[in-house]
Amino acid sequence: MKKILTGIILILAILAAACASQPELTTDKTIGRSEDSGKVAAVAIKGFKFVPAEVNIKVGETVVWTNEDTAPHTVESSDGTLRSDELAKGDTYSYTFTKAGKYDYICGIHPSMKGSVTVQ
Ligand SMILES: [Cu+2]
């Protein structure tokens, strides 16, 4: 009889410990939250290329170009929408597109460098 009682107490103790140590459910809803406004697309300028050369974004989104070359580069579209200063290594140029369309651009220093941003 004493063994049974000891067994019951032991089981109760284990259950109590299990309840106490049960981790709180963490519902972190801030992770993975995506809002459409303010999105940023990154374009690297490296090896005398725009990477990626073609970018597809939505109206209101921003493209940030970062020059990773030691050579200077610019970002210039023929319609004048994009017109960066000369970007030294590590410099960035960003533009927020407010109108839909396709924006072809080049590097003004190396016109064979070409890229485009399509805004929907
Ligand atoms: Cu260039």
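The values are calculated or read from the model by the stated rules, or taken from the named source; none is laboratory data. What you are looking at is a predicted structure, and each value in this text was computed from that prediction instead of being measured. No Cβ is skipped: glycine too gets one built from the backbone with ideal geometry, and neighbour counts run over all protein chains shown.
What the table below lists for this structure:
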read-out: Residue selected from the range 68-96 under the condition among the polar types (S, T, N, Q) and closer than 22 Å to THR118 by Cβ, by the criterion modelled with the lowest pLDDT; value: SER78
read-out: Some residue of the range 34-56 being of a type in the set (Asp, Glu), in contact with a strand residue (DSSP E or B) (Cβ under 9 Å, 6 or more places away or on another chain) and either over 25 Å from ILE109 (Cα atoms) or at pLDDT 95 or above (or both); value: yes
read-out: Pair list, Cβ under 6 Å, 6 or more apart: the range 101-120 residue of a type in the set (D, E, K, R), other residue within 11 Å of the ligand (Cβ to nearest atom); value: LYS114/ILE106
read-out: Strands (runs of 3 or more DSSP E) wholly inside the range 72-120 containing at least 3 residues that are within 14 Å of the ligand (Cβ to nearest atom) and of a type outside the set (Ser, Thr, Tyr); value: none
